[in-house]
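Visitor: Before I ask anything, here is the structure I am working with.
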Amino acid sequence: MSEVTGPTAGDFVDTIGLRAAFARSLSAMYGTEVPAYTTLVDVATEVNAQVMAADAMAAQRLGTIDRVSAERHGAIRVGTPTELRQVAQVFAAFGMEPVGFYDLRGSAATTLPIVSTAFRPIARDALAANPFRVFTSVLVTDDRRYFDAELQAELDDFLASRELFGPELLDLAAKAESSGGLHSAEADRLLELATAVFELSSEPVDRAWYERLTTVSGVAADIGGVRSTHINHLTPRVLDIDALYDRMTERGISMIDEIQGPPRWEGPDVLLRQTSFKALAEPRRFREADGSVVDGTLNVRFGEVEARGIALTAKGRDLYDRMLIEVDERSEGLGPDEKHQVKVAVWREHLPTTEEELFDAGLGFCTVHRDASGALRREPIVYEDFLPRSAAGIFASNLSESGSSDSAQQGSVRDLAWLREVIGRTVHDPTDLYAAEQVASYEALGLDAPTLAGRAVP
Ligand code: OOG
Ligand code: NI
(Lines give C-alpha, C1' and ligand atoms only; values in the text may rest on other atoms or scores of the structure.)
(Ligands and ions follow the chains in the order given, each with its own letter.)
Protein backbone atom coordinates (compact mmCIF):
# COMPACT_ATOMS: atom_id res chain seq x y z
CA MET A 1 0.00 0.00 0.00
CA SER A 2 1.29 3.48 -0.80
CA GLU A 3 2.15 5.53 2.19
CA VAL A 4 -0.34 8.20 2.99
CA THR A 5 1.44 11.28 4.21
CA GLY A 6 -0.07 14.22 5.97
CA PRO A 7 1.07 17.74 5.25
CA THR A 8 4.21 18.42 7.30
CA ALA A 9 6.46 21.43 6.97
CA GLY A 10 8.78 21.32 3.97
CA ASP A 11 7.20 18.22 2.50
CA PHE A 12 5.77 17.77 -0.92
CA VAL A 13 2.32 16.28 -0.51
CA ASP A 14 1.41 14.07 -3.46
CA THR A 15 -2.05 13.52 -4.90
CA ILE A 16 -2.79 10.54 -2.68
CA GLY A 17 -1.60 12.40 0.41
CA LEU A 18 -3.78 15.37 -0.56
CA ARG A 19 -6.82 13.15 -1.08
CA ALA A 20 -6.40 11.37 2.25
CA ALA A 21 -5.95 14.71 4.01
CA PHE A 22 -8.99 16.15 2.21
CA ALA A 23 -11.16 13.22 3.33
CA ARG A 24 -9.91 13.63 6.93
CA SER A 25 -10.44 17.36 6.87
CA LEU A 26 -14.01 17.11 5.57
CA SER A 27 -14.72 14.39 8.09
CA ALA A 28 -13.49 16.55 10.99
CA MET A 29 -15.50 19.53 9.74
CA TYR A 30 -18.66 17.49 9.18
CA GLY A 31 -18.36 15.87 12.62
CA THR A 32 -18.52 19.29 14.27
CA GLU A 33 -21.50 20.30 12.11
CA VAL A 34 -23.46 17.04 12.42
CA PRO A 35 -22.61 15.23 15.69
CA ALA A 36 -24.78 12.22 14.71
CA TYR A 37 -22.23 11.59 11.94
CA THR A 38 -19.61 10.99 14.64
CA THR A 39 -21.93 8.46 16.30
CA LEU A 40 -22.32 6.72 12.97
CA VAL A 41 -18.55 6.56 12.46
CA ASP A 42 -18.08 5.25 16.02
CA VAL A 43 -20.64 2.50 15.51
CA ALA A 44 -19.18 1.60 12.10
CA THR A 45 -15.72 1.36 13.68
CA GLU A 46 -17.09 -0.87 16.44
CA VAL A 47 -18.84 -3.17 13.97
CA ASN A 48 -15.77 -3.34 11.71
CA ALA A 49 -13.55 -4.32 14.65
CA GLN A 50 -15.92 -7.16 15.51
CA VAL A 51 -16.10 -8.45 11.95
CA MET A 52 -12.28 -8.32 11.78
CA ALA A 53 -11.96 -10.19 15.08
CA ALA A 54 -14.28 -12.94 13.84
CA ASP A 55 -12.43 -13.60 10.56
CA ALA A 56 -9.81 -11.09 9.41
CA MET A 57 -9.20 -12.80 6.04
CA ALA A 58 -12.86 -12.84 5.08
CA ALA A 59 -13.38 -9.31 6.39
CA GLN A 60 -10.65 -7.96 4.09
CA ARG A 61 -11.64 -9.83 0.94
CA LEU A 62 -12.93 -6.60 -0.61
CA GLY A 63 -10.33 -4.18 0.73
CA THR A 64 -7.84 -3.96 3.59
CA ILE A 65 -9.10 -2.80 6.96
CA ASP A 66 -6.94 0.34 6.59
CA ARG A 67 -8.71 1.22 3.40
CA VAL A 68 -12.16 0.39 4.77
CA SER A 69 -11.61 2.33 8.03
CA ALA A 70 -10.66 5.49 6.15
CA GLU A 71 -13.24 5.00 3.43
CA ARG A 72 -15.90 7.67 3.04
CA HIS A 73 -18.12 8.96 0.31
CA GLY A 74 -19.56 12.43 0.35
CA ALA A 75 -22.49 13.95 -1.50
CA ILE A 76 -22.66 17.49 -2.80
CA ARG A 77 -25.08 19.35 -5.04
CA VAL A 78 -24.35 22.26 -7.37
CA GLY A 79 -26.53 24.48 -9.50
CA THR A 80 -24.93 25.17 -12.87
CA PRO A 81 -22.66 23.64 -15.52
CA THR A 82 -20.01 26.22 -14.56
CA GLU A 83 -20.12 25.16 -10.92
CA LEU A 84 -19.87 21.52 -11.99
CA ARG A 85 -16.84 22.25 -14.16
CA GLN A 86 -15.22 24.14 -11.28
CA VAL A 87 -15.86 21.44 -8.73
CA ALA A 88 -14.35 18.96 -11.19
CA GLN A 89 -11.18 21.08 -11.06
CA VAL A 90 -11.22 21.07 -7.26
CA PHE A 91 -11.60 17.27 -7.18
CA ALA A 92 -8.90 16.83 -9.85
CA ALA A 93 -6.42 18.27 -7.35
CA PHE A 94 -7.16 15.21 -5.21
CA GLY A 95 -6.95 12.68 -8.04
CA MET A 96 -10.74 12.32 -8.23
CA GLU A 97 -12.10 11.91 -11.76
CA PRO A 98 -15.69 11.89 -12.99
CA VAL A 99 -17.08 8.36 -13.33
CA GLY A 100 -20.58 7.49 -14.53
CA PHE A 101 -23.72 9.41 -15.42
CA TYR A 102 -26.82 9.07 -13.23
CA ASP A 103 -30.16 10.56 -14.26
CA LEU A 104 -32.43 10.84 -11.25
CA ARG A 105 -35.22 12.75 -12.99
CA GLY A 106 -38.63 11.58 -14.00
CA SER A 107 -38.98 8.47 -11.89
CA ALA A 108 -42.39 7.81 -10.40
CA ALA A 109 -40.97 7.48 -6.90
CA THR A 110 -39.08 10.75 -6.72
CA THR A 111 -39.06 14.30 -7.92
CA LEU A 112 -35.42 15.03 -8.41
CA PRO A 113 -34.55 17.74 -10.93
CA ILE A 114 -30.91 16.63 -11.06
CA VAL A 115 -28.35 14.53 -12.88
CA SER A 116 -25.21 13.25 -11.19
CA THR A 117 -21.75 11.80 -11.53
CA ALA A 118 -19.22 10.53 -9.00
CA PHE A 119 -15.70 11.89 -8.58
CA ARG A 120 -13.27 9.22 -7.47
CA PRO A 121 -9.80 7.80 -8.02
CA ILE A 122 -9.74 5.18 -10.76
CA ALA A 123 -6.39 3.34 -10.49
CA ARG A 124 -6.35 0.25 -8.26
CA ASP A 125 -3.41 1.43 -6.11
CA ALA A 126 -4.93 4.90 -5.74
CA LEU A 127 -8.21 3.31 -4.60
CA ALA A 128 -6.36 1.04 -2.19
CA ALA A 129 -4.50 3.99 -0.67
CA ASN A 130 -7.62 6.12 -0.26
CA PRO A 131 -10.84 5.64 -2.22
CA PHE A 132 -12.54 8.93 -1.23
CA ARG A 133 -15.40 9.64 -3.63
CA VAL A 134 -18.08 12.29 -3.91
CA PHE A 135 -21.51 11.80 -5.48
CA THR A 136 -22.09 15.11 -7.23
CA SER A 137 -25.43 16.31 -8.51
CA VAL A 138 -26.26 19.30 -10.69
CA LEU A 139 -29.63 21.00 -11.01
CA VAL A 140 -31.43 20.81 -14.38
CA THR A 141 -33.07 24.22 -14.39
CA ASP A 142 -34.40 24.00 -17.95
CA ASP A 143 -36.41 20.85 -17.32
CA ARG A 144 -40.02 21.98 -17.78
CA ARG A 145 -41.38 19.08 -15.76
CA TYR A 146 -39.99 20.93 -12.73
CA PHE A 147 -39.40 24.61 -13.54
CA ASP A 148 -41.61 26.80 -15.68
CA ALA A 149 -39.94 29.46 -17.84
CA GLU A 150 -40.39 32.20 -15.26
CA LEU A 151 -38.99 30.22 -12.34
CA GLN A 152 -36.11 28.99 -14.50
CA ALA A 153 -35.17 32.55 -15.43
CA GLU A 154 -35.16 33.66 -11.79
CA LEU A 155 -33.27 30.58 -10.69
CA ASP A 156 -30.65 30.94 -13.44
CA ASP A 157 -30.13 34.59 -12.47
CA PHE A 158 -29.80 33.68 -8.82
CA LEU A 159 -27.28 30.93 -9.55
CA ALA A 160 -25.29 33.09 -11.98
CA SER A 161 -24.87 35.76 -9.32
CA ARG A 162 -23.21 33.49 -6.76
CA GLU A 163 -19.63 32.24 -6.62
CA LEU A 164 -19.03 28.89 -4.94
CA PHE A 165 -15.38 28.38 -5.84
CA GLY A 166 -13.06 31.38 -5.70
CA PRO A 167 -10.06 31.98 -7.97
CA GLU A 168 -7.45 31.16 -5.32
CA LEU A 169 -8.96 27.70 -4.74
CA LEU A 170 -9.28 27.01 -8.47
CA ASP A 171 -5.71 28.14 -9.19
CA LEU A 172 -4.24 26.06 -6.39
CA ALA A 173 -6.29 23.07 -7.49
CA ALA A 174 -5.06 23.42 -11.08
CA LYS A 175 -1.49 23.65 -9.82
CA ALA A 176 -1.91 20.56 -7.62
CA GLU A 177 -3.37 18.68 -10.57
CA SER A 178 -0.59 19.58 -13.00
CA SER A 179 2.24 19.05 -10.47
CA GLY A 180 0.85 15.85 -8.95
CA GLY A 181 0.76 17.51 -5.53
CA LEU A 182 1.81 20.65 -3.68
CA HIS A 183 4.42 21.77 -1.20
CA SER A 184 3.11 21.80 2.32
CA ALA A 185 2.23 25.48 2.75
CA GLU A 186 0.22 25.46 -0.46
CA ALA A 187 -1.21 22.04 0.35
CA ASP A 188 -2.46 23.37 3.69
CA ARG A 189 -4.01 26.37 1.98
CA LEU A 190 -5.70 24.17 -0.64
CA LEU A 191 -7.13 21.91 2.07
CA GLU A 192 -8.33 24.90 4.08
CA LEU A 193 -10.10 26.47 1.09
CA ALA A 194 -11.46 23.18 -0.26
CA THR A 195 -12.91 22.32 3.15
CA ALA A 196 -14.38 25.77 3.73
CA VAL A 197 -16.42 25.74 0.50
CA PHE A 198 -18.32 22.69 1.77
CA GLU A 199 -19.16 24.13 5.21
CA LEU A 200 -22.73 25.07 6.01
CA SER A 201 -23.11 28.84 5.63
CA SER A 202 -24.58 30.93 8.43
CA GLU A 203 -25.86 33.48 5.93
CA PRO A 204 -29.65 33.94 6.34
CA VAL A 205 -31.80 32.00 3.90
CA ASP A 206 -34.41 34.03 1.99
CA ARG A 207 -37.51 32.25 3.25
CA ALA A 208 -39.92 33.10 0.41
CA TRP A 209 -37.43 32.07 -2.28
CA TYR A 210 -36.48 28.86 -0.47
CA GLU A 211 -40.13 27.92 0.01
CA ARG A 212 -40.98 28.63 -3.60
CA LEU A 213 -38.29 26.19 -4.71
CA THR A 214 -39.37 23.67 -2.07
CA THR A 215 -42.76 23.36 -3.76
CA VAL A 216 -40.87 22.00 -6.79
CA SER A 217 -38.37 19.92 -4.81
CA GLY A 218 -36.54 20.02 -1.51
CA VAL A 219 -33.35 19.29 -3.45
CA ALA A 220 -33.96 22.29 -5.73
CA ALA A 221 -34.33 24.49 -2.63
CA ASP A 222 -31.22 23.02 -1.01
CA ILE A 223 -29.21 23.80 -4.15
CA GLY A 224 -30.78 26.95 -5.56
CA GLY A 225 -32.27 28.48 -2.43
CA VAL A 226 -28.94 29.50 -0.90
CA ARG A 227 -25.80 31.29 -2.04
CA SER A 228 -23.34 28.52 -1.12
CA THR A 229 -23.00 24.75 -1.23
CA HIS A 230 -22.34 22.24 1.55
CA ILE A 231 -21.69 18.60 2.15
CA ASN A 232 -25.01 16.82 2.31
CA HIS A 233 -23.66 13.69 3.98
CA LEU A 234 -20.46 11.74 4.52
CA THR A 235 -20.76 8.00 4.48
CA PRO A 236 -18.47 5.54 6.24
CA ARG A 237 -18.10 1.97 4.97
CA VAL A 238 -19.11 -0.85 7.26
CA LEU A 239 -18.43 -4.57 7.02
CA ASP A 240 -21.81 -5.63 8.46
CA ILE A 241 -24.57 -3.19 7.63
CA ASP A 242 -27.30 -5.24 9.32
CA ALA A 243 -25.43 -5.16 12.63
CA LEU A 244 -24.92 -1.43 12.22
CA TYR A 245 -28.60 -0.86 11.46
CA ASP A 246 -29.62 -2.66 14.66
CA ARG A 247 -27.07 -0.88 16.78
CA MET A 248 -28.03 2.59 15.55
CA THR A 249 -31.67 1.75 16.23
CA GLU A 250 -30.72 0.65 19.77
CA ARG A 251 -29.01 3.99 20.28
CA GLY A 252 -32.29 5.70 19.48
CA ILE A 253 -31.31 7.01 16.03
CA SER A 254 -34.21 6.45 13.69
CA MET A 255 -33.02 4.87 10.47
CA ILE A 256 -35.03 4.81 7.22
CA ASP A 257 -37.10 1.67 7.11
CA GLU A 258 -35.10 -0.35 4.62
CA ILE A 259 -31.59 -1.11 3.48
CA GLN A 260 -31.28 -0.08 -0.18
CA GLY A 261 -29.81 -2.48 -2.71
CA PRO A 262 -29.21 -6.24 -2.35
CA PRO A 263 -30.55 -8.19 0.65
CA ARG A 264 -28.61 -9.98 3.36
CA TRP A 265 -28.27 -13.57 2.16
CA GLU A 266 -25.89 -16.54 2.19
CA GLY A 267 -24.41 -15.93 -1.29
CA PRO A 268 -21.87 -13.34 -2.49
CA ASP A 269 -22.39 -9.69 -1.63
CA VAL A 270 -22.71 -7.75 -4.85
CA LEU A 271 -22.67 -4.03 -5.64
CA LEU A 272 -23.68 -1.88 -2.73
CA ARG A 273 -25.98 -1.90 0.28
CA GLN A 274 -26.82 1.45 1.86
CA THR A 275 -28.99 2.85 4.58
CA SER A 276 -29.41 6.23 6.19
CA PHE A 277 -30.88 8.04 9.14
CA LYS A 278 -33.35 10.77 8.53
CA ALA A 279 -32.29 14.35 7.99
CA LEU A 280 -31.96 16.18 11.29
CA ALA A 281 -33.34 19.59 12.15
CA GLU A 282 -30.37 21.96 11.97
CA PRO A 283 -30.48 25.58 13.09
CA ARG A 284 -30.52 27.99 10.14
CA ARG A 285 -31.30 31.69 9.99
CA PHE A 286 -34.04 33.05 7.74
CA ARG A 287 -34.66 36.42 6.19
CA GLU A 288 -38.37 37.22 6.16
CA ALA A 289 -40.20 39.28 3.55
CA ASP A 290 -40.01 42.38 5.82
CA GLY A 291 -36.21 42.08 5.99
CA SER A 292 -36.07 40.79 9.57
CA VAL A 293 -33.83 37.82 10.35
CA VAL A 294 -35.18 35.01 12.54
CA ASP A 295 -33.92 31.66 13.79
CA GLY A 296 -35.39 28.48 12.39
CA THR A 297 -34.42 24.98 11.31
CA LEU A 298 -34.07 23.00 8.10
CA ASN A 299 -34.01 19.23 7.67
CA VAL A 300 -31.63 18.61 4.81
CA ARG A 301 -28.54 16.79 5.93
CA PHE A 302 -28.56 13.17 6.92
CA GLY A 303 -26.28 10.28 7.76
CA GLU A 304 -25.67 7.28 5.57
CA VAL A 305 -23.63 4.11 5.78
CA GLU A 306 -22.72 1.57 3.13
CA ALA A 307 -21.40 -1.95 2.65
CA ARG A 308 -19.61 -2.69 -0.61
CA GLY A 309 -19.73 -5.89 -2.61
CA ILE A 310 -18.46 -7.31 -5.89
CA ALA A 311 -18.63 -5.25 -9.10
CA LEU A 312 -21.02 -6.79 -11.61
CA THR A 313 -20.42 -7.12 -15.34
CA ALA A 314 -22.92 -5.65 -17.81
CA LYS A 315 -24.67 -9.01 -17.78
CA GLY A 316 -24.69 -9.11 -13.97
CA ARG A 317 -25.90 -5.56 -13.74
CA ASP A 318 -28.70 -6.26 -16.15
CA LEU A 319 -29.72 -9.22 -14.00
CA TYR A 320 -29.59 -7.04 -10.87
CA ASP A 321 -31.87 -4.45 -12.43
CA ARG A 322 -34.31 -7.16 -13.52
CA MET A 323 -34.25 -8.72 -10.05
CA LEU A 324 -35.20 -5.38 -8.49
CA ILE A 325 -38.16 -5.09 -10.86
CA GLU A 326 -39.22 -8.61 -9.91
CA VAL A 327 -38.92 -7.71 -6.21
CA ASP A 328 -41.16 -4.68 -6.80
CA GLU A 329 -43.77 -6.78 -8.54
CA ARG A 330 -43.77 -9.49 -5.90
CA SER A 331 -43.71 -7.21 -2.88
CA GLU A 332 -46.40 -4.68 -3.71
CA GLY A 333 -48.15 -3.60 -0.55
CA LEU A 334 -45.75 -5.49 1.76
CA GLY A 335 -43.92 -3.99 4.73
CA PRO A 336 -40.10 -3.72 4.93
CA ASP A 337 -39.53 -7.12 6.60
CA GLU A 338 -41.69 -9.05 4.17
CA LYS A 339 -40.14 -7.13 1.27
CA HIS A 340 -36.72 -8.21 2.45
CA GLN A 341 -37.91 -11.83 2.44
CA VAL A 342 -39.07 -11.42 -1.15
CA LYS A 343 -35.66 -9.97 -2.05
CA VAL A 344 -33.89 -12.96 -0.52
CA ALA A 345 -36.17 -15.34 -2.44
CA VAL A 346 -35.50 -13.54 -5.74
CA TRP A 347 -31.76 -13.55 -5.06
CA ARG A 348 -31.82 -17.30 -4.39
CA GLU A 349 -33.70 -17.94 -7.60
CA HIS A 350 -31.38 -15.96 -9.86
CA LEU A 351 -27.90 -15.52 -8.39
CA PRO A 352 -25.24 -18.19 -7.86
CA THR A 353 -24.40 -18.78 -4.20
CA THR A 354 -20.61 -18.75 -4.61
CA GLU A 355 -18.11 -16.25 -5.97
CA GLU A 356 -16.64 -18.89 -8.26
CA GLU A 357 -19.99 -19.51 -9.92
CA LEU A 358 -20.61 -15.78 -10.15
CA PHE A 359 -17.36 -15.38 -12.10
CA ASP A 360 -17.97 -18.54 -14.18
CA ALA A 361 -21.36 -17.20 -15.22
CA GLY A 362 -19.76 -13.93 -16.34
CA LEU A 363 -21.82 -11.98 -13.80
CA GLY A 364 -19.07 -10.65 -11.52
CA PHE A 365 -15.71 -8.96 -12.19
CA CYS A 366 -12.50 -10.48 -10.88
CA THR A 367 -8.75 -10.29 -11.26
CA VAL A 368 -6.66 -13.42 -11.66
CA HIS A 369 -3.45 -14.24 -9.75
CA ARG A 370 -1.05 -17.12 -9.35
CA ASP A 371 -0.51 -18.25 -5.78
CA ALA A 372 2.79 -19.63 -4.40
CA SER A 373 2.05 -23.13 -5.74
CA GLY A 374 1.38 -21.75 -9.24
CA ALA A 375 -2.38 -22.33 -9.08
CA LEU A 376 -4.69 -19.66 -10.48
CA ARG A 377 -6.90 -17.82 -8.03
CA ARG A 378 -9.62 -15.32 -8.82
CA GLU A 379 -10.15 -12.32 -6.56
CA PRO A 380 -13.31 -10.20 -6.67
CA ILE A 381 -13.14 -6.59 -7.84
CA VAL A 382 -14.95 -4.34 -5.37
CA TYR A 383 -17.76 -2.09 -6.63
CA GLU A 384 -16.53 1.51 -6.40
CA ASP A 385 -19.59 3.34 -7.73
CA PHE A 386 -23.19 4.16 -6.86
CA LEU A 387 -26.63 2.84 -7.77
CA PRO A 388 -29.15 5.28 -9.23
CA ARG A 389 -32.14 3.53 -7.72
CA SER A 390 -30.60 3.34 -4.28
CA ALA A 391 -29.59 6.99 -4.59
CA ALA A 392 -33.16 7.95 -5.50
CA GLY A 393 -34.39 5.91 -2.51
CA ILE A 394 -31.94 7.65 -0.18
CA PHE A 395 -32.94 11.08 -1.49
CA ALA A 396 -36.66 10.29 -1.34
CA SER A 397 -36.64 8.94 2.18
CA ASN A 398 -35.00 12.13 3.32
CA LEU A 399 -37.33 14.64 1.72
CA SER A 400 -40.22 15.76 3.85
CA GLU A 401 -42.23 17.02 0.87
CA SER A 402 -42.46 14.99 -2.29
CA GLY A 403 -42.44 18.17 -4.40
CA SER A 404 -44.30 18.50 -7.65
CA SER A 405 -43.58 17.81 -11.27
CA ASP A 406 -45.59 17.90 -14.47
CA SER A 407 -44.99 14.66 -16.32
CA ALA A 408 -46.88 15.95 -19.36
CA GLN A 409 -43.94 18.27 -20.10
CA GLN A 410 -40.86 17.24 -22.07
CA GLY A 411 -37.69 16.72 -20.06
CA SER A 412 -34.54 18.46 -21.28
CA VAL A 413 -31.71 16.38 -22.69
CA ARG A 414 -28.94 15.42 -20.29
CA ASP A 415 -26.62 12.53 -21.06
CA LEU A 416 -23.04 11.42 -20.87
CA ALA A 417 -22.09 13.57 -23.86
CA TRP A 418 -23.59 16.64 -22.16
CA LEU A 419 -21.72 15.83 -18.97
CA ARG A 420 -18.41 15.43 -20.79
CA GLU A 421 -18.96 18.72 -22.60
CA VAL A 422 -19.72 20.79 -19.49
CA ILE A 423 -17.03 19.19 -17.35
CA GLY A 424 -14.47 19.40 -20.15
CA ARG A 425 -12.85 16.14 -19.02
CA THR A 426 -13.22 12.45 -19.78
CA VAL A 427 -16.16 10.96 -17.92
CA HIS A 428 -15.28 7.31 -17.37
CA ASP A 429 -17.71 4.48 -17.84
CA PRO A 430 -17.61 2.46 -14.59
CA THR A 431 -18.13 -0.90 -16.29
CA ASP A 432 -15.29 -0.19 -18.72
CA LEU A 433 -12.95 0.52 -15.80
CA TYR A 434 -13.72 -2.81 -14.09
CA ALA A 435 -13.48 -4.69 -17.40
CA ALA A 436 -10.09 -3.12 -18.15
CA GLU A 437 -8.80 -4.16 -14.74
CA GLN A 438 -10.00 -7.73 -15.24
CA VAL A 439 -8.51 -7.97 -18.75
CA ALA A 440 -5.18 -6.49 -17.62
CA SER A 441 -4.82 -9.08 -14.87
CA TYR A 442 -5.38 -11.95 -17.31
CA GLU A 443 -3.02 -10.46 -19.88
CA ALA A 444 -0.31 -9.97 -17.25
CA LEU A 445 -0.29 -13.76 -16.81
CA GLY A 446 -0.38 -14.37 -20.56
CA LEU A 447 -3.95 -15.70 -20.35
CA ASP A 448 -6.98 -14.95 -22.48
CA ALA A 449 -9.46 -12.86 -20.56
CA PRO A 450 -13.03 -14.14 -20.44
CA THR A 451 -15.12 -12.27 -22.99
CA LEU A 452 -17.39 -9.67 -21.52
CA ALA A 453 -20.63 -9.11 -23.34
CA GLY A 454 -22.03 -5.64 -23.87
CA ARG A 455 -21.99 -2.62 -21.62
CA ALA A 456 -24.00 -1.87 -18.53
CA VAL A 457 -26.60 0.82 -18.52
CA PRO A 458 -25.11 3.26 -16.03
C1 OOG B 1 -26.97 12.16 -2.95
C2 OOG B 1 -27.81 10.93 -2.68
C3 OOG B 1 -27.18 9.70 -3.30
C4 OOG B 1 -25.79 7.71 -2.55
O5 OOG B 1 -25.00 7.26 -1.74
O6 OOG B 1 -26.39 6.99 -3.37
C7 OOG B 1 -26.05 9.15 -2.51
C8 OOG B 1 -27.45 13.38 -2.24
O9 OOG B 1 -28.21 13.28 -1.28
O10 OOG B 1 -27.02 14.48 -2.65
O11 OOG B 1 -25.34 9.81 -1.83
NI1 NI C 1 -24.56 8.77 -0.30
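Visitor: Between residue 373 and residue 55, what length in nm is gained on full extension when 0.36 nm per residue of separation is reduced by their alpha carbon distance?
Guide: Answer, rounded to one decimal: 112.1 nm.
Visitor: Using θ = phi - 60° and the Karplus curve 6.51 cos²θ - 1.76 cosθ + 1.60, what whole-Hz ³J(HN,Hα) does each residue of region 346-362 get, with Gly and Pro shown as x?
Guide: 5, 4, 5, 6, 10, 9, x, 8, 10, 4, 4, 5, 4, 5, 4, 7, x
Visitor: In the chain, if the dipole is taken from +1 on Lys/Arg beta carbons and -1 on Asp/Glu beta carbons about the Cα centre, which of 93, 224, 136 is farthest to the positive end?
Guide: 93
Visitor: Given only helices, namely DSSP H runs of n ≥ 4 each adding -39500 (n - 2.57), what is the per-residue ellipticity at 222 nm of the chain, to the nearest 500 deg cm²/dmol?
Guide: -13500 deg cm²/dmol
Visitor: Right, next: Length gain on complete extension for the stretch residue 436 to residue 407, per 0.36 nm per residue less the alpha carbon to alpha carbon distance?
Guide: Taking residue 436 through residue 407 to full extension adds about 6.5 nm, to one decimal.
Visitor: Measuring from a point 7 Å past the Cα of residue 254 along Cα-to-C-beta, which residues in region 272-292 have an amide N at less than 17 Å?
Guide: It comes to 276-282, nothing else.
Visitor: Read phi for every residue in region 274-291 and hand back ³J(HN,Hα) as whole Hz from Karplus 6.51 cos²θ - 1.76 cosθ + 1.60, θ = phi - 60°, with x for Gly and Pro.
Guide: For region 274-291, the Karplus-derived couplings read 9, 8, 8, 9, 5, 4, 9, 6, 10, x, 9, 9, 10, 9, 7, 4, 7, x Hz, x marking Gly and Pro.
Visitor: Hand me the tally of lysine pairs in the chain: alpha carbons under 26 angstrom apart, and the pair either on different chains or 8 or more positions apart.
Guide: The number of close lysine pairs in the chain is 4.
Visitor: Can you give me the long-range amide H partners of residue 114? Hydrogens built in the peptide plane at 1.01 Å from N, cutoff under 5 Å, separation of 5 or more residues or another chain.
Guide: 104, 105, 140
Visitor: If amide H atoms are built 1.01 Å from N in the plane of the peptide, which residues on other chains or at least 5 residues away come under 5 Å of the amide H of residue 284?
Guide: Those lying under 5 Å, H to H, from residue 284 are 296, 297, 298.
Visitor: Subtract the Cα-Cα distance of residue 321 and residue 285 from 0.36 nm times their separation in residues, and report this length gain in nm to one decimal.
Guide: 8.7 nm
Visitor: Which Cα, out of 418, 311, 368, lies furthest along the positive dipole direction of the chain (beta carbon charges, K/R +1, D/E -1)?
Guide: 368
Visitor: So how exposed is residue 150, as accessible area in Å² (1.4 Å probe, rounded to 10)?
Guide: Answer for residue 150: close to 130 Å² accessible.
Visitor: Follow-up question, since we're still on this one. What order do 27, 178 take when sorted by accessible area (1.4 Å probe), most exposed first?
Guide: 178, 27
Visitor: Per-residue counts of other Cβ atoms within 10 Å, averaged by peptide: what ranking do you get for 165-177, 437-449, 265-277, highest first?
Guide: 265-277, 165-177, 437-449
Visitor: Just to make sure I understand: if all protein chains stay in place, what is the order of 251, 227, 378, 72 by accessible area at 1.4 Å, largest first?
Guide: Order by accessible area, largest first: 251, 227, 378, 72.
Visitor: If you average 1/r over all unlike Cα pairs in the chain and invert the result, what Kirkwood radius do you get in angstrom?
Guide: 23.1
Visitor: Could you tell me the distance between the Cα centroids of region 98-165 and region 292-359, to the nearest Å?
Guide: 22
The values are calculated or read from the model by the stated rules, or taken from the named source; none is laboratory data. Everything numeric in this text was worked out from a predicted model, so none of it was measured. Neighbour counts run over all protein chains shown; Cβ positions are idealised from the backbone, glycine included. For the accessible areas, the whole protein counts, side chains as well, though only heavy atoms, and no ligand, DNA or RNA atoms are used. Shrake-Rupley method; radii C 1.70, N 1.55, O 1.52, S 1.80 Å.
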